[in-house]
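Engineer: A single structure is presented below for examination.
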Amino acid sequence: MTSLDKPTQDAGQSPPDGTDEAEQVHDSRAVTEAALFEAFGGVRGMVETVLPGLLFVTIFTINKDLHLSAIAALAVSVVMLVVRLLRKDTVKHAFSGVFGVAFGVVFAMFTGNAKDFYLPGMLYTLGLALAYIITTLAGVPLIGLMLGPVFKENLSWRTRNPGRKKAYAKSSWAWGLILLAKCAILFPLYWWADTTQLGWILVILKIPPFLLAVWLTWVFLAKAPPPIDVFAEMEAAEKAEEAEKAAKAEREGAAAENGEPAAGRHRRGA
């Protein structure tokens, strides 16, 4: 059983017998690490994010051929997607990478400006930054919406676990501000720098801001109360309902054996 499969406790619930505080903290951190790894794609997801842009700017730096650079970037994205499909891995990160690169290719081909290969991704980053900030101000931080299902808590953190809601809000603020800072660097360069300068800076800024945001998210969530496993709660409620139905049927069966009239059995069952 993985750390994500282990049942979690309600906020404020005492640890079970035999579980000391250090072990509980370690388990909470392991669950958080596994959830972040799953949500953001891990090392492989980062490679799939960086490689198409790196290939584009490398080829364009060498021969200034927009068509060759764009086709190579799109081709490597498709290859990475096909590899995931063949291995039956999670494809959401590869799919998003293919669509992102395809939009950049189409945009650059349409305008004839190689810098426009990067513009859709930059606009997406700006929109994502605003989404993190706006959803946090609205009381439903985006990180919580993304990670709630991964932690098997869905939206229970909104009303039942204020400590986790606060951690999700801090995390969303971190993502929003980090991405806004990244946009503050890239958009002026889009206007003032040439294609190769913009491309290499984009490649450089792909991973460090992402790792910083993920690390801050881990710090905030590792210190937060454990998630409330709403799936386990639903399963427990279903089992209790089934047990109640079985007990009722058993009572009615016992009454029938004793020759009790049907009306009396129904009154007893009620």
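The values are calculated or read from the model by the stated rules, or taken from the named source; none is laboratory data. This is a predicted model, so every value here is computed, not measured. Neighbour counts run over all protein chains shown; Cβ positions are idealised from the backbone, glycine included. Accessible surface areas use protein heavy atoms only, side chains included; no ligands, DNA or RNA. Shrake-Rupley method; radii C 1.70, N 1.55, O 1.52, S 1.80 Å.
Engineer: Output yes when any residue across the range 78-88 is within 23 Å of the chain's Cα centre (by Cα) and assigned to a loop (DSSP other than H, G, I, E, B), and no when none is.
Structural biologist: There is at least one residue in the range 78-88 that is within 23 Å of the chain's Cα centre (by Cα) and assigned to a loop (DSSP other than H, G, I, E, B).
Engineer: Select from the range 183-206 the residues that are over 26 Å from residue 65 (Cα atoms) and either touching a residue at least 60 places away in the same chain (Cβ under 8 Å) or of a type in the set (Asp, Glu) (or both) and list them in ascending order.
Structural biologist: 183
Engineer: Confirm whether residue 62 is farther than 30 Å from residue 153 by Cα and at pLDDT 90 or above.
Structural biologist: yes
Engineer: If you don't mind, there's one more thing I want to ask. Just give me the residues in the range 152-182 being open to solvent by 10 Å² or more (accessible area, probe 1.4 Å), in contact (Cβ under 8 Å) with a residue 60 or more places away in the chain and in contact with a Ser or Thr (Cβ under 8 Å, 6 or more places away or on another chain), in sequence order.
Structural biologist: 152
Engineer: Which of the residues that make up the range 93-127 are more than 21 Å from residue 54 (Cβ to Cβ) and assigned to a helix (DSSP H, G or I)?
Structural biologist: Hits for the range 93-127 are 110, 111, 126, 127.
Engineer: So is residue 189 among the aliphatic types (A, V, I, L, M) and within 15 Å of the chain's Cα centre (by Cα) or not?
Structural biologist: Taking the combined requirement at face value, the residue does not satisfy it.
Engineer: While we're on this one: I'd like to check something: does the range 164-179 contain any residue that is touching a Lys or Arg at 6+ places or on another chain (Cβ under 6 Å) and of a type in the set (Phe, Trp, Tyr)?
Structural biologist: no
Engineer: Going by the conditions given, is residue 239 over 30 Å from residue 62 (Cα atoms), of a type in the set (Lys, Arg) and surrounded by fewer than 19 Cβ atoms within 10 Å (Cβ to Cβ)?
Structural biologist: It is true that residue 239 is over 30 Å from residue 62 (Cα atoms), of a type in the set (Lys, Arg) and surrounded by fewer than 19 Cβ atoms within 10 Å (Cβ to Cβ).
Engineer: Another question, if that's okay. Does residue 140 count as open to solvent by 30 Å² or more (accessible area, probe 1.4 Å) and out of contact with any Leu (no Cβ under 9 Å at 6 or more places or on another chain)?
Structural biologist: Answer is no for this residue.
Engineer: Would you be able to tell me the number of residues in the range 116-137 that are surrounded by 22 or more Cβ atoms within 10 Å (Cβ to Cβ) and under 16 Å from residue 191 (Cβ atoms)?
Structural biologist: Number of matching residues: 2.
Engineer: Quick check on my filter: what residues within the range 96-108 are in contact (Cβ under 8 Å) with a residue 40 or more places away in the chain and either touching a Ser or Thr at 6+ places or on another chain (Cβ under 6 Å) or open to solvent by 70 Å² or more (accessible area, probe 1.4 Å) (or both)?
Structural biologist: 97, 101
Engineer: Failed condition for residue 71, given (1) at positive phi; (2) in a helix (DSSP H, G or I), with all others met?
Structural biologist: So the condition that residue 71 fails would be (1).
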